[in-house]
1. Just B:Phe252, B:Phe162, B:Phe62 to compare: in a GNM of chain B, with alpha carbon springs under 10 Å, which one fluctuates most?
2. Given the options B:Ile75, B:Ile141, B:Ala202, identify the residue whose Cα lies farthest towards the positive end of the charge dipole of the stretch B:2-214 (+1 on Cβ of Lys, Arg; -1 on Cβ of Asp, Glu).
3. Have a look at B:Pro262, B:Pro120, B:Pro247 and tell me which one the Gaussian network model of chain B (Cα, springs below 10 Å) gives the largest fluctuation.
4. Specify the inter-centroid distance of the stretch A:69-87 and the stretch B:244-285, based on alpha-carbon positions, in whole Å.
5. Using +1 at the C-beta of Lys and Arg and -1 at the C-beta of Asp and Glu, which of A:Ile65, A:Tyr204, A:Gln118 has the Cα lying farthest in the positive direction of the dipole of chain A?
6. Sorted by packing (mean other beta-carbon atoms within 10 Å per residue), highest first, where do B:200-211, B:43-54 land?
7. Across peptide A:145-157, how many C-beta atoms of other chains are within 10 Å of each residue C-beta, on average?
8. Order by neighbour count: B:His8, A:His75, B:His37, fewest other Cβ atoms within 10 Å first, most last.
Amino acid sequence: MLKINNLHAGYDKIEILKGVNIDVKNNEIIALIGPNGAGKSTILKSIFNLCNIYSGEIIFKDKNITKLQTYELIHEGISYVPQGRQIFRELTVKENLEMGAFILDKNVMKRNIKDVYQKFPFLKEKRNEYAINLSGGQQQLLAIGRALMQNPQLLLLDEPSLGLSPKSMKEMFNKIKEINKEGVSIIIVEQNAKQSVEIADRTYILEDGKIALNGGKEILKNKKLKDIYFGGR
Amino acid sequence: MIIEYFIHLFILIGIYLILALSLQLSVGFTGLLNLGHVAFFAIGAYTAALLTLNGVPFLIAFLAAGIIAMIFGFILVIPTNKLKGDYLALATLGFSFVVYAVTLNYTSLTRGPLGLPGIPKPSILGVTFSSNLSFLILTIIIAGITYFIIKRITESQFGKVFEAIRDDELVAKTLGKNTFKMKGYSLGISAFFAGIAGSLYASYITFIDPSSFTIMQLIPILCIVIIGGLASLKGTLVATIILVLLPEPLRFIGFPSSIIGPMRQIIYALILLLILIYKPKGFYGKVELT
């Protein structure tokens, strides 16, 4: 579904990604983990053209999307939930969801709002409350709900568990699995390595802008993992 | 006599209202701290003045003033697209100095500091608005239409995108909006109304010179926007009326006019300080100034 070939990217002159290859198949959950500064978020940003891409290509459903503008990608079927629950705090829950549906016509929008309410019943209950009054976990689910308004085929999540309590984190990971069961491929960038590897079909571990390891759930037992995180060698 | 005076004040309120509402669209709703607003006002005033002085009918000059200002609004977004907050404020401030310098130095067109005298009073379809009362009615109609249009814009889906850009441009982008284009629309529409306010001003005073369009003229308008509350049209209306009328009693206390000018500035500054301390969102504002 998504193929990243030999990607070099970064910010201005600072190269963060030094030749990354990633392959996402239909209906997969892919976890990207690794220590701070390894370039996890930069991979998502480069898919969404929010950083400088020096070389390499990103192919989505046989189409080269490397040069597409940020606002065009959504039409291709990719949605992105940035780090740190970037919801519109001064708007109501319903308005936030409507914001996610700029590109749709009114009827589709109404149907999608219903779908999102079905997935997250609390959003329907609180639809007229200001988003700032939701709890941290609820805000994160709202941000995910807003991304789902666009019917994505691929959902990019950047550290969705950031600042959540263990309980709401668990709930969120369950929701991510549910969304995936409905046919949405997901790339999740996480600090919380253990839980994300457990829900993921495959995991890529990044170290210093390169893929150091990749594999299924058995990856947690790999001896190299400790070295990557703690630098013992 | 006293009636004439009040009519004059209400005409000023009308013109200030158009300026403040349009500034509200870019500053309050889209979050673009635009200090170039007075330049759009100047472009509109000069366009309308030059056209009507050369025999072009008022209505055409009036629309041309808006449209030319709007074009400059669109253009201003190109170099300032990536700037935010203070940096955008400085860049747009620079733009207003450029426009001021052009009006001052392009003497073959604008007559520089001599200004343009004898601008005709507006006349639409044979009706001439030469008395102040008729001009007041014209101003109220145009201010009313401005209020209505900006209200419709801000309540529409289109207007919600402006607010999304203000709250978080990155997210607006990732949700599929070309924020560069949207910022262009915001500044363009805002500049259009500043331009028609300029046209009204020129034909009301019948004389313009560069000193009518300095940064000092921007301060009261920006004060109105902040005191009325960002992203609130009702607040803008209330604040316009209060801020235009408030310094007026000074005239009757018997201060010489050399003191009234600075006193006005002091009063505006005091209100602004008090508002920022005790009511940081202004009268009816939705968001705080950041």
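Just so you know, all these numbers are worked out from the coordinates, no wet-lab data involved. What you see is a predicted model, and the numbers here were worked out from it, not measured in a lab. Cβ atoms come from the backbone with ideal geometry, glycine included; neighbour counts cover every protein chain shown.
1. The residue with the greatest mean-square fluctuation here is B:Phe252.
2. Most positive-ward Cα: B:Ile75.
3. It is B:Pro262.
4. Here the answer is 46 Å between Cα centres.
5. A:Gln118
6. Going by the mean number of other Cβ atoms within 10 Å, highest first, we get B:43-54, B:200-211.
7. Numbers: counts 0, 3, 3, 0, 1, 3, 0, 0, 0, 0, 0, 1, 0.
Across A:145-157, the average partner-chain Cβ count within 10 Å equals 1.
8. On the way: B:His8 14, A:His75 11, B:His37 30.
The fewest-first ordering by Cβ neighbours comes to A:His75, B:His8, B:His37.
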